[in-house]
Amino acid sequence: DSGVTQTPKHLITATGQRVTLRCSPRSGDLSVYWYQQSLDQGLQFLIQYYNGEERAKGNILERFSAQQFPDLHSELNLSSLELGDSALYFCASSVGGGGNTEAFFGQGTRLTVV
Amino acid sequence: GNSVTQMEGPVTLSEEAFLTINCTYTATGYPSLFWYVQYPGEGLQLLLKATKADDKGSNKGFEATYRKETTSFHLEKGSVQVSDSAVYFCALSERRALTFGSGTRLQVQP
């Protein structure tokens, strides 16, 4: 058990809809990262938050947004969903925000868009 | 930008065989290097790491040495077990989030 909790584990929704994925980091970790894992794109970094503020952006679409709350949990919002958004979405957390430290991953949320 | 290249899989080995999974990287500075493992239906787990040149990371019989001159971080294990069957990801981090390779699936047969 990594200590990172993601909910829900599975999500099935229709095209055009909006969903929210939730992540609780390990106790004491200030950074939260979101990654998308798909068969064709591999593991893609989406966005990082550190202590409530956006720290780095990766390949995140404009239809996607995220935030980190004062209690350090994070939510990833995906809107106007398309079939190609079907993927496994991972949250990871780490103590620091500057990289060069290991990140601990949750078990992921499998999103299926139909 | 930063990138990580791993050998294509799947790699199929018999139990007790020697394992090597190649990983090379491109980075502008001095990244930390990692190997993560993903078992079926699970998230990624850190297997080992190295933070500077010539460091050797090791865990559960797996080893990898940070080679700056060849920009490589190859994963090795002397004797694989069926339970090692998983997908292995090489990754680097340089002052920001991890950049992952495409992953290498390892299948170990009894």
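The values are calculated or read from the model by the stated rules, or taken from the named source; none is laboratory data. None of the values given here were measured: they were computed from a predicted structure. For neighbour counting, all protein chains shown are included, and Cβ atoms are generated from backbone atoms with ideal geometry for every residue, glycine included. For the accessible areas, the whole protein counts, side chains as well, though only heavy atoms, and no ligand, DNA or RNA atoms are used. Shrake-Rupley method; radii C 1.70, N 1.55, O 1.52, S 1.80 Å.
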Fraction of accessible area attributable to carbon and sulfur, chain A (%, probe 1.4 Å): 47
Nearest-0.05 FRET efficiency for residue B:28 and residue A:82, computed from C-beta distance (R0 30 Å): 0.35
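For the pairing of chain A with chain B, what total accessible surface becomes buried, with a 1.4 angstrom probe, in square angstrom to the nearest 100?
Values: alone 6190 and 5990 Å², together 10680 Å².
The buried area between A and B, both sides summed, comes to about 1500 Å².
Give a quick list of chymotrypsin sites (Phe, Trp or Tyr not before Pro) in region B:1-88 that DSSP marks as loop, anything other than H, G, I, E or B, with at most 12 other Cβ atoms within 10 Å.
B:18
Please get the size of the charge dipole for chain A, origin at its Cα centre, with Cβ charges of +1 on Lys and Arg and -1 on Asp and Glu, quoted in debye to the nearest 20. Each step should come with its number before you reach the end.
Details: 8 positive and 11 negative charges, 34 e Å.
Here chain A has a charge dipole of around 160 debye.
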Region B:1-47: radius of gyration and largest Cα-Cα distance (Dmax), Å: 13.4, 39
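Given C-alpha coordinates of chain A, what is the ratio Rg to Rh with the Kirkwood estimate of Rh?
Numbers: Rg = 13.1 Å, Rh = 13.9 Å.
On the Cα set of chain A, Rg over Rh gives 0.95.
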Ellipsoid semi-axes in whole angstrom, largest first, where each is sqrt(5λ) of the Cα gyration tensor of the protein assembly as shown: 29, 21, 15
List of region B:89-110 residues, accessible area with partners at least 40 Å² below that of the chain alone (1.4 Å probe): B:95, B:96, B:97, B:98, B:100
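Report the extension gain between residue A:10 and residue A:75 in nm, rounded to one decimal, defined as 0.36 nm multiplied by the number of residues separating them, less their alpha carbon distance. Before the final figure, lay out the partial values.
Numbers: separation 65, 0.36 × 65 = 23.40 nm, distance 1.53 nm.
So the extension gain works out to 21.9 nm.
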With eigenvalues of the C-alpha gyration tensor scaled by 5 and rooted, chain B, Å: 23, 14, 12
For region A:7-114: accessible area per residue (Å², 1.4 Å): 47
Complex-versus-alone comparison for region A:74-104, residues with a loss of 50 Å² or more in accessible area, probe 1.4 Å: A:100, A:102
Positive dipole terminus of region B:39-110, leading residue within B:48, B:62, B:79 (C-beta point charges): B:48
For region A:22-105, with +1 on Lys and Arg beta carbons and -1 on Asp and Glu, the positive-most of A:84, A:101, A:31 along the dipole: A:101
Accessible area per residue, Å², chain B with all protein chains present, probe 1.4 Å: 48
